[in-house]
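The values are calculated or read from the model by the stated rules, or taken from the named source; none is laboratory data. Please read these numbers as outputs of a predicted model, since none were measured by experiment. Counting neighbours? That spans all protein chains shown, and the Cβs are built from the backbone with ideal geometry, glycine included.
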Ligand code: FES
């Protein structure tokens, strides 16, 4: 088990909050993914033992919810909304631009491990599409013609030591090119 000691301590506190330990499955998965970046098979076994279910039952939860990941993601996890409002505003064309600019196919991680590019369903910001989430930051109104510039900013963030310390707030267009 290579999770941080504070994760292990938090896990015990989470399980203690529930009358039935199995109800802690989802919060434990979130906790582990926050720590490791994805859910490894050993995490499923560890959570299963903690909440009294089988590893397969934990796997069923992991694969039901799209926010859980079974494999590591790139240094920047880029999610483009493809649901109706964003699609009508060009999210498919935007995705094509990002694929080209980042050298990464949708649904995959680039060979250098820097980017994971995915389509996702509605992320609840439908009035400002196309919406792109990069790690924890939301970027609104990223139109296809801004795709190359947006990709360049994401790429530049790889060498920015301040990255992630003050993410743009929802509704602010700092990165929107
Ligand atoms: S349709 Fe894209 S955020 Fe809702």
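If you go through segment 46-56 one residue at a time, how many are without any contact (Cβ under 8 Å) to a residue 12 or more places away in the chain and in a helix (DSSP H, G or I)?
Filtering segment 46-56 for residues without any contact (Cβ under 8 Å) to a residue 12 or more places away in the chain gives 48-49, 54, 56.
Then drop every residue that is not in a helix (DSSP H, G or I), which leaves 48-49, 56.
The qualifying residues number 3.
Against the conditions (1) part of a helix (DSSP H, G or I); (2) surrounded by 14 or more Cβ atoms within 10 Å (Cβ to Cβ); (3) modelled with pLDDT of 95 or more, residue 33 satisfies every one except (3). Of the listed requirements (1) within 20 Å of residue 136 (Cβ to Cβ); (2) exposed (fewer than 13 other Cβ atoms within 10 Å of the Cβ); (3) more than 16 Å from the ligand (Cβ to nearest atom), residue 20 misses just one: (1). For segment 62-177, give me every one of the helices (runs of 4 or more DSSP H) that falls completely inside it and has 1 or more residues that are modelled with pLDDT of 95 or more and more than 16 Å from the ligand (Cβ to nearest atom). The qualifying helices (runs of 4 or more DSSP H) are 91-102, 147-157.
Within segment 112-129, residues that are farther than 16 Å from residue 140 by Cα reach partners that are within 11 Å of the ligand (Cβ to nearest atom) with beta carbons closer than 7 Å, at six or more positions or on different chains, in the pairs 118/79. Restricting attention to segment 155-164, which residues are farther than 13 Å from residue 103 by Cα, in contact with a helix residue (DSSP H, G or I) (Cβ under 9 Å, 6 or more places away or on another chain) and surrounded by 14 or more Cβ atoms within 10 Å (Cβ to Cβ)? 163 - this is the single residue of segment 155-164 that is farther than 13 Å from residue 103 by Cα, in contact with a helix residue (DSSP H, G or I) (Cβ under 9 Å, 6 or more places away or on another chain) and surrounded by 14 or more Cβ atoms within 10 Å (Cβ to Cβ).
Do the conditions hold for residue 39, that is, is it within 23 Å of residue 113 (Cβ to Cβ) and in contact with a helix residue (DSSP H, G or I) (Cβ under 6 Å, 6 or more places away or on another chain)? Quick ask: steps written out before the conclusion?
On the way: within 23 Å of residue 113 (Cβ to Cβ): yes; in contact with a helix residue (DSSP H, G or I) (Cβ under 6 Å, 6 or more places away or on another chain): yes.
Yes: the conditions hold for residue 39.
Within segment 96-147, restricting attention to residues that are surrounded by fewer than 15 Cβ atoms within 10 Å (Cβ to Cβ) and closer than 23 Å to residue 166 by Cα, the residue that is farthest from the chain's Cα centre (by Cα) is 124.
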